[in-house]
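Nothing in this text is a laboratory measurement; each read-out follows from the coordinates by a stated rule. Every value quoted in this text rests on a predicted model; they were computed, and no experiment measured them. All Cβ positions, glycine included, derive from the backbone under ideal geometry; neighbour counts span all protein chains shown.
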């Protein structure tokens with residue numbers, strides 16, 4: 001039982017809003033792909049005494065005293081995170097996934113450097129180079145698109161783009177891409193381009209008449225060493241933002257980026273079912289040193305140690321066998337929902353899904369993403385409008401919606417409920433009958449919500 005009664009005694013107005021939000025969540029089905037339902041243990045850890053401690057720095061390297069217990073908690077979170085994702089180093093302090101992405105870019109890049117990430121319409125994230133964000137303002141951003149016929153990543157075309165633009169940082173990962181991303185293939189492409197750069201520099205020196213093999217002190221340096229140093233200044237780094245698929249990666253249901261990427265970022269609140277926060281992972285000692293400096297003192301003051309405690313709980317839960325069972329149910333539910341929607345003639349882009357999300361192109365249904373989002377909320381289903389590849393609608397309207405099954409799977413819904421939800425989504429597309437069907441649809445959603453409560457009891 002989660003007890004908020006003490007707040008009621010001291011601030012009835014805030015208490016009422018807390019209960020109102022709980023009731024909203026209890027009585028609606030959450031299909032936003034970036035949302036999830038945390039365990040009571042994760043929720044309670046966020047309200048722990050750790051929230052009272054200011055702890056700038058890192059375990060055993062703090063700027064304030066009294067951090068002995070905090071050090072143990074943060075180190076526990078680091079150790080569990082490394083074990084979960086089979087990596088050597090982790091920074092668990094970022095307050096969000098966006099902040100984790102900012103830290104990596106701050107660690108690697110100089111203002112004006114070129115970055116390359118997936119465009120928003122193709123399923124990318126704002127922090128991967130979109131113009132309104134720090135990544136689009138501070139760096140030269142090249143945005144790649146999915147294939148215009150398959151709506152999937154075209155790795156041959158990607159190789160051409162990386163070879164042409166030679167970005168300092170290539171970002172893989174997405175927030176609305178329903179297929180598995182081949183991180184191994186991208187690593188091979190980047191290595192190929194970096195090798196081409198090295199060979200070009202090496203041949204330049206070999207064919208040069210200059211005494212470039214001597215430094216200012218007259219020490220002889222091999223062409224190989226010179227070429228490597230010059231290549232390091234311009235080579236492409238490979239970053240993966242696995243915020244959406246972290247739970248799948250942790251359970252082996254998606255290829256892990258850890259062996260292939262120079263650095264990996266993630267949130268902890270999506271498929272990982274943890275608190276709202278971010279993490280940064282790497283196998284490189286050199287990279288973690290840069291990242292740690294970028295997080296603190298670079299872009300962040302004191303870490304939220306109560307959230308780090310909740311992250312430790314989250315990682316501990318994700319290491320248990322039942323978490324893999326849960327993630328498999330998430331994927332199964334998503335496939336079932338996609339298949340049911342396609343039976344209603346919805347255009348699920350790429351023809352289905354490999355993960356926890358679905359992207360629907362609504363143009364054949366004669367309704368915009370904004371309109372369907374509003375109608376679904378009226379009947380108790382929460383989704384988000386979403387641009388689709390090569391969308392002609394503006395971003396406030398969009399031609400699509402994005403659906404995710406992590407949160408509803410956490411509540412216990414299964415394949416039968418997926419079929420019911422698909423039928424409700426279809427009914428909400430019919431402008432001529434929606435108003436007369438609305439109350440009946442709302443009753444059906446309420447029945448499902450009552451059958452699968454969020455938590456046993458809340459006061």
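Kindly put 244, 430 in sequence by how many other C-beta atoms sit within 10 Å of each C-beta, fewest to most.
Result, fewest neighbours first: 430, 244.
7 Å from Cα along Cα→Cβ at both residue 447 and residue 225: what's the point-to-point distance in nm?
7.7 nm
Just want to confirm a number: the relative contact order over the chain, from Cα pairs under 8 angstrom separated by 6+ residues, in percent.
24 percent
Mind computing the radius of gyration and Dmax over the alpha-carbon atoms of region 348-459? Å is fine for both.
According to the Cα coordinates of region 348-459, Rg and Dmax are 14.6, 48 Å.
Find the Cα radius of gyration of region 272-383, compare it with 2.2 N^0.38 Å by division, and give the number to two decimals.
1.51
Rounded to the nearest 5, what % of DSSP beta bridges with both residues in the chain are antiparallel?
Looking only at bridges with both residues in the chain, the antiparallel portion is about 55 percent.
Which angle between 0 and 90 degrees, to the nearest 10, do you get for helix 415-427 versus the longest principal axis of the chain when only C-alpha atoms count?
Approximately 80 degrees, to the nearest ten.
Among 434, 346, which comes first, second and so on when ranked by fewest other beta-carbon atoms within 10 Å?
So the ranking, lowest neighbour count to highest, is 434, 346.
Between residue 390 and residue 156, what's the calculated FRET efficiency when r is the beta-carbon distance and R0 is 25 Å? Round to 0.05.
Efficiency computed from Cβ-Cβ geometry: 0.85.
Using only the alpha carbon atoms of region 50-318, find the Kirkwood hydrodynamic radius as the inverse mean reciprocal pair distance, in angstroms to one decimal.
It is 19.7 Å.
So what are the radius of gyration and Dmax for the Cα set of the chain, in Å?
Final numbers for Rg and Dmax: 24.2, 87 Å.
Antiparallel as a % of all DSSP beta bridges within region 115-263, to the nearest 5?
10 percent
Tell me, in nm to one decimal, what length is gained between residue 328 and residue 195 on full extension, where the rule is 0.36 nm per residue of separation less the Cα-Cα distance?
That works out to 44.0 nm of additional length.
Residue separation times 0.36 nm, minus the C-alpha to C-alpha distance between residue 343 and residue 48: what's the value?
Extra length available between residue 343 and residue 48 comes to 101.5 nm.
Remind me, relative contact order of region 267-335 in percent, using alpha carbon pairs under 8 angstrom and six or more residues apart?
Computed value for region 267-335: 35 percent relative contact order.
Would you mind telling me the antiparallel percentage of the DSSP bridges in region 50-318, rounded to 5?
40 percent
Helix-only mean residue ellipticity at 222 nm, the chain, DSSP H runs n ≥ 4 weighted -39,500 (n - 2.57), per residue, nearest 500. What is it?
Calculated at 222 nm, the ellipticity per residue is -14000 deg cm²/dmol.
With a/c under 1.5 counting as rounded, go ahead and sort region 26-74 into rounded, prolate or oblate using the C-alpha gyration tensor (a ≥ b ≥ c being the square roots of the eigenvalues; past the cut-off, prolate if a/b is larger than b/c, else oblate).
Prolate shape, in that a/c is at least 1.5 and a/b is the bigger ratio.
Return 268, 236, 197 ranked ascending by Cβ neighbour count within 10 Å, so the fewest neighbours appear first.
Final ranking by Cβ density, sparse to dense: 197, 236, 268.
Over region 329-451, what relative contact order in percent results from Cα pairs under 8 Å that are six or more residues apart?
29 percent
With labels modelled as points extended 7 Å from the Cα through the Cβ direction, what inter-label distance (nm, one decimal) is found for residue 2 paired with residue 96?
It works out to 2.1 nm between the two label points.
For an R0 of 30 angstrom, estimate the FRET efficiency from the Cβ-Cβ distance between residue 435 and residue 27 and round to the nearest 0.05.
Once rounded, the FRET efficiency stands at 0.90.
For region 249-310 and region 1-64, what is the separation of their Cα centres, given in Å?
Using only Cα atoms, the two centres lie 21 Å from each other.
Report D for region 201-315 in µm² per second (integer): Stokes-Einstein, Kirkwood Rh on Cα pairs, 20 °C, 1.002 mPa s.
Rounded to a whole number, D works out at 123 µm²/s.
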